[in-house]
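Enquirer: Have a look at the structure that comes next, please.
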Amino acid sequence: WWNLRSAGFISGPTAPPAQAAAQATNAFGSMIGAATGTGAATLSLSGLIICSSGIPDKVAIAVDTQMDDQNAGTGSMRAIEGGSTTALAPLAVPPLNYVETGSTQYLLCRGV
């Protein structure tokens, strides 16, 4: 994360090293991460994926609608229910479609 901050790709502290190496956060104060792989461990996305956690339901639905197919379990963007600390983990069942409750949060991932 320090290298991305130093290069200007993401915002955040660039010094001291301990703070600069901290995981990046999104506009909602939740974690952003990157992963590689295939299958259930990466929501059936292959290769490099970028994930952002703690995304409010209305925002997740709007982003998926504008950038993909408005379905949490298909397309180049996938989502699972999860708050600000949800980690990407192998799923026993495919992601369900979005549910708008006003309080549901999602871990939103996109293949790069």
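Enquirer: Mind pulling the angle between the C-alpha long axis of helix 57-67 and the longest principal axis of the chain? Nearest 10 degrees, somewhere in 0 to 90.
Expert: 90
Enquirer: Let me ask another. Using just the helices of the chain, give the 222 nm mean residue ellipticity in deg cm²/dmol: DSSP H runs with n ≥ 4 each add -39,500 (n - 2.57), and the total is spread over all residues, rounded to 500. All intermediate terms of the calculation are to be shown ahead of the outcome.
Expert: On the way: 3 runs with 20 residues, N = 112.
About -4500 deg cm²/dmol.
Enquirer: What accessible area per residue, rounded to a whole number of Å², is obtained for the chain using a probe radius of 1.4 Å? Walk me through the numbers on the way to the answer.
Expert: Numbers: 6280 Å² over 112 residues.
About 56 Å² of surface per residue is accessible.
Enquirer: Which of the chymotrypsin sites (Phe, Trp or Tyr not before Pro) across the stretch 1-110 are loop residues per DSSP, with 11 or fewer other Cβ within 10 Å? Please list the in-between numbers first.
Expert: Numbers: sites: Trp1, Trp2, Phe9, Phe28, Tyr98, Tyr106; in loops: Trp1, Phe9, Phe28, Tyr98.
Sparse-neighbourhood loop chymotrypsin sites (Phe, Trp or Tyr not before Pro): Phe9.
Enquirer: Compute the semi-axes of the equivalent ellipsoid of the stretch 1-64, taking the square root of 5 times each eigenvalue of the Cα gyration tensor, and list them largest first in whole Å.
Expert: Numbers: eigenvalues 118, 55, 17 Å².
For the stretch 1-64, the semi-axes come out at 24, 17, 9 Å.
Enquirer: Would you mind getting me the FRET efficiency between Thr38 and Glu100? Use the beta-carbon distance for r and R0 = 35 Å, nearest 0.05. Could the numbers behind the result be given before it?
Expert: Working: r = 30 Å, r/R0 = 0.86.
Once the sixth-power term is evaluated, E becomes 0.70.
Enquirer: Please name whichever of Pro13, Ser76, Ala41 sits farthest to the positive end of the charge dipole of the chain, dipole taken about the Cα centre and charges placed at Cβ: Lys and Arg +1, Asp and Glu -1.
Expert: Farthest towards the positive end: Pro13.
The values are calculated or read from the model by the stated rules, or taken from the named source; none is laboratory data. Since we're looking at a predicted model, the values are computed, not measured. Note that each Cβ is placed from the backbone with ideal geometry, even for glycine, and that neighbours are counted across all protein chains shown. Please note that ligands, DNA and RNA were not included when accessible areas were found on the heavy atoms of the full protein model with its side chains. Shrake-Rupley method; radii C 1.70, N 1.55, O 1.52, S 1.80 Å.
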